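Participant: Quick one: the structure is below, questions incoming.
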Amino acid sequence: MNEKSVTQLRQGELATVVVLHGGCGFQRRLRSVGIKEGKTVRIVARHPFAGPLVVEVDGKQITIGRGMAQRITVVQEQ
Amino acid sequence: MKTILLMGDPNVGKSVLFSRLTGVDVIASNYPGTTVDYSKGRITQRGETLEIVDAPGTYSLEPTNKAEEVAVSLLDKADVIVNVIDATSLERCLLLTVELLEKRKPVIVALNMWDEAQHLGIMINVRELESLLQVPLVPTVAITGEGVKELVQRLDEARISERPKLEGEEQTWTEVGHIVRKVQTVAHRHHTVMDRLADATVKPGTGLLAAAVILSALLSLVRVVGEGLIRYGVEPLFDFYRVPVTALSEWLGPGFLHDVLVGTLVGGQVDYVQSMGILTTGLFVPFGMVLPYIIAFYLALGLLEDTGYLPRLATVMDNVFHRLGMHGHGIIPVLLGLGCNVPGVLSARTMETRKQRFIASTLVSVTVPCMAQTAMIFGVLGHYGARFILLVYGTLAAVFVLLGLLLNRTTRGECPELFLDIPPYRRPSLLAITKKTWMRVRWFLSEAVPFLFRVCADLSGSFRDAPSERGQEGGNDLEL
């Protein structure tokens, strides 16, 4: 099992969320849009210059700033 | 009178449902955060008058921005809550549902976008979900009105759920997970060509290209529609109107009343742009020059809003807007501000911090020309060539960027990152866009036009002493 931040994935790759590093508010915010432990995320877009990431969970897309995304740890699916 | 509050996540269709229920028109679009304040309407059901309140969307009862604060603060006054949830994202909507049920107020759930869920292969067992939540649940399609009648009929069945109270957030999430697994089955779905195209509009390279193409296409649309309305609608009307107004001018003869109503004659004739009378320039500027472009702009904005493109544009523009002290969502106040600054500034409410709201509102009010100003800029500079128009817009854009950079450095406070839900693309309804355009145009007519009359009256009064001087200026304009 190879844990990494969701920001280290390339466009189009899939991974499973394992940990959300952050306070209550942070975890709640991510979970309330579907980014929860155990969910599969797909990287739709990865913007350069530390720009935002667009991830897809349960068929819905969400734009997340790079700093927040860095705190999402995933394991990559084979 | 009982108060019924519509609550739910952002962009689940509360405003559309509100309009359906009450007949009160409110602006609804396909992006989260369209509603930033509440609206009220009334319905009569079985002889009883009920007040319906449309709240801004919120993901949970712990608000993260001003619009969400409004929603949560409305909760206390509500007698019944209609929790609107999106059938295509049941899991995330149920968090708020469970939180609302624990408020111990009568709740009824509207399972909206029912058609879209079925289309996506999402099956939800309505009876099972109803019995798990222990409150009535009605599948609805607010856009078409399906299920809305049943929702109204069952409003008085709304009841306080007797579910045991959950201990803490972890348990709430686990419970939501349980419910979803019990009631929902999702058919596997392959990515289609349309999905790939949709994805391309949020990717870095292709996204910028798409933004350039879409925005310039819309700009052309505004020009074509605006010019078309002027050429085939406004100009013939005002040519026709010249007859009575000239007759009036002759009948009045020179004097104060003539100056106020008709204004100064240019070369012995009424000049709609320069005469400055209430019945000449006072009518021509708002109706002949501004209104056609306002209509054109709001049609284009409606398209942009209802397709669901705006959050994608916000994503692509995020890098730029971050350097100006906002985040990508700042594009929405700017775009709305191009129509009218007031809704532009109001939409800054969906930004999280004071700093962002301050910068967004300042930049919009200082540097973003509203459609009336744009029409004037084109009207005044049009004869001199595109060069000068570009100069004006270039200056405004430069001030926008410089002021943004400066305010970002000097304003204290945080600049949180973009966190934005991207709705699916939807085919916009022409009827809905026409209706929305009419609502916005009506607002312009009732708020801005009386003001322009007043300005004309004041101007004709103050310029009365120097008509010859102004006549000369007019002459110069024509030569250039």
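The values are calculated or read from the model by the stated rules, or taken from the named source; none is laboratory data. Please read all numbers here as calculations on a predicted model, not as lab measurements. Every residue, glycine as well, gets a Cβ built from its backbone with ideal geometry; the counts of neighbours run over all protein chains shown. The protein model used for the area step is the full one, side chains on, heavy atoms only, and it has no ligands, DNA or RNA in it. Shrake-Rupley method; radii C 1.70, N 1.55, O 1.52, S 1.80 Å.
Participant: Taking 0.36 nm per residue of sequence separation and subtracting the Cα-Cα distance, how much length would be gained by fully extending the chain between B:Leu120 and B:Arg442, in nm to one decimal?
Facilitator: Result for the pair: 112.1 nm of gain on full extension.
Participant: Compute the accessible area of each residue in the range A:18-37 twice, once for its chain alone and once with every protein chain present, using a 1.4 Å probe on heavy atoms, and list those whose area falls by at least 50 Å².
Facilitator: Correct list: A:Arg28, A:Arg29, A:Arg31, A:Ser32, A:Val33, A:Lys36.
Participant: Among the lysines, which fall within straight-line cross-link reach of A:Lys39, defined as a Cα-Cα distance under 23 Å, with same-chain neighbours fewer than 8 residues apart omitted?
Facilitator: Excluding near neighbours in sequence, the set is A:Lys4, A:Lys60, B:Lys182, B:Lys203.
Participant: Please state, rounded to one decimal and in Å, the Kirkwood hydrodynamic radius that the range A:16-76 gives when every pair of distinct Cα atoms enters the mean of 1/r.
Facilitator: 11.5 Å
Participant: How crowded by other chains is A:43-49, given as the mean number of beta carbons from other chains within 10 Å of each beta carbon?
Facilitator: Averaged over the peptide's residues, the number is 6.
Participant: While we're looking at this one, here's another question. Please report the carbon-and-sulfur percent of the accessible area for the range A:1-66; probe 1.4 Å, protein heavy atoms only, DNA, RNA and ligands left out.
Facilitator: Roughly 52 percent, rounded to a whole number.
Participant: Same structure again: Are there residues in the range B:85-101 whose accessible area shrinks by at least 40 Å² when all protein chains are included rather than the chain by itself, and which are they (probe 1.4 Å, ligands and nucleic acids not counted)?
Facilitator: By number: B:Glu91, B:Arg92.
Participant: Next question. With each pseudo-label sitting 7 Å past Cα toward Cβ, what's the B:Tyr393-B:Tyr232 distance in nm, one decimal?
Facilitator: Result: 2.4 nm between the two label points.
Participant: Could you give the accessible area per residue of the range B:327-372, probe 1.4 Å, as a whole number in Å²?
Facilitator: With the other protein chains kept in place, the range B:327-372 gives 29 Å² per residue.
Participant: Please arrange B:Leu402, B:Leu215 by accessible surface area, largest first, computed with a 1.4 Å probe and ligands excluded.
Facilitator: If we order B:Leu402, B:Leu215 from most to least accessible, we get B:Leu402, B:Leu215.
Participant: May I pose another question? At the nearest 100 Å², what buried accessible area, both sides summed, do you get for A and B when the probe is 1.4 Å?
Facilitator: Interface area, both chains combined: 2900 Å², rounded to the nearest 100.
Participant: For B:Val213 and B:Phe240, what does the FRET efficiency come to when R0 = 60 Å and r is the distance between their Cβ atoms, rounded to the nearest 0.05?
Facilitator: Calculated value: 0.90.
Participant: Rank these residues by their accessible area, most exposed first, probe 1.4 Å: B:His178, A:His47, B:His322.
Facilitator: Largest accessible area first, the list is B:His178, B:His322, A:His47.
Participant: Points 7 angstrom from Cα along the Cβ direction at A:Asn2 and B:Val320: gap in nanometres?
Facilitator: Between A:Asn2 and B:Val320, the label points sit 3.7 nm apart.
Participant: Relative to the present Cα-Cα distance, how much length would full extension add between B:Asp37 and B:Leu221 at 0.36 nm per residue of separation?
Facilitator: Value of the extension gain: 63.2 nm.
Participant: Another question, then. With label points built 7 Å along Cα→Cβ from the Cα atoms of B:Glu250 and A:Cys24, find their separation and express it in nm.
Facilitator: The modelled label-to-label distance comes out at 8.2 nm.
Participant: List the aspartates and glutamates whose alpha-carbon lies under 19 Å from that of B:Lys436, not counting same-chain residues fewer than 8 positions away?
Facilitator: Partners within reach: B:Asp25, B:Asp37, B:Asp54, B:Glu305, B:Asp306, B:Glu447.
Participant: OK, next. What whole number of Å gives the distance from the Cα centroid of the range B:75-130 to the Cα centroid of the range B:144-195?
Facilitator: Rounded to whole Å, the Cα centres lie 5 Å apart.
Participant: Normalise the Debye intensity by I(0) for the protein assembly as shown, one equal point scatterer per Cα, no solvent, then take log10 at q = 0.06, 0.07 Å⁻¹ and round to two decimals.
Facilitator: Values returned for q = 0.06, 0.07 Å⁻¹ are -0.36, -0.48.
Participant: Hey, how many Å between the Cα centroid of the range B:403-422 and the Cα centroid of the range B:235-278?
Facilitator: Between the Cα centre of the range B:403-422 and that of the range B:235-278, the gap is 51 Å.
Participant: Helix check for chain B. Which DSSP H runs span at least 27 Å along their own axis by Cα, with a mean Kyte-Doolittle hydropathy no less than 0.0?
Facilitator: Qualifying helices, which must be both long enough and hydrophobic enough, are B:204-229, B:386-410.
Participant: Give, in nm to one decimal, the length gained when the segment between B:Ser429 and B:Arg181 is fully stretched (0.36 nm per residue of separation minus the Cα-Cα distance).
Facilitator: Computed gain between B:Ser429 and B:Arg181 is 85.9 nm.
Participant: Separate question: Provide the solvent-accessible area of B:Lys103, counting protein heavy atoms only and rolling a 1.4 Å probe, rounded to the nearest 10 Å².
Facilitator: My reading of the accessible area for B:Lys103 is about 110 Å².
Participant: Right, next: Determine the order of B:Arg323, A:Arg71 by accessible area, beginning with the largest, at a probe radius of 1.4 Å.
Facilitator: Descending order: B:Arg323, A:Arg71.
Participant: Tell me the carbon and sulfur percent of the accessible area for chain B, rounded to whole percent, probe radius 1.4 Å.
Facilitator: Carbon and sulfur atoms account for 62 percent of the accessible area of chain B.
Participant: Could you calculate the FRET efficiency of B:Arg154 with B:Val193 from 1/(1 + (r/R0)^6), where r is the beta carbon distance between them and R0 is 41 Å, rounded to 0.05?
Facilitator: 0.50
Participant: Determine, from the Cβ-Cβ distance of B:Gln269 and B:Thr144 and an R0 of 51 Å, the FRET efficiency 1/(1 + (r/R0)^6), rounded to the nearest 0.05.
Facilitator: Working from the Cβ atoms, E equals 0.40.
Participant: Name the residues of the range B:299-329 whose accessible area, probed at 1.4 Å, falls by at least 40 Å² once all protein chains are in place instead of their chain on its own?
Facilitator: B:Thr315, B:Asn319
Participant: Among residues other than B:Tyr293 whose Cβ falls under 10 Å from its Cβ, what is the net charge (Lys/Arg +1, Asp/Glu -1)?
Facilitator: My count for the surroundings of B:Tyr293 gives 0.
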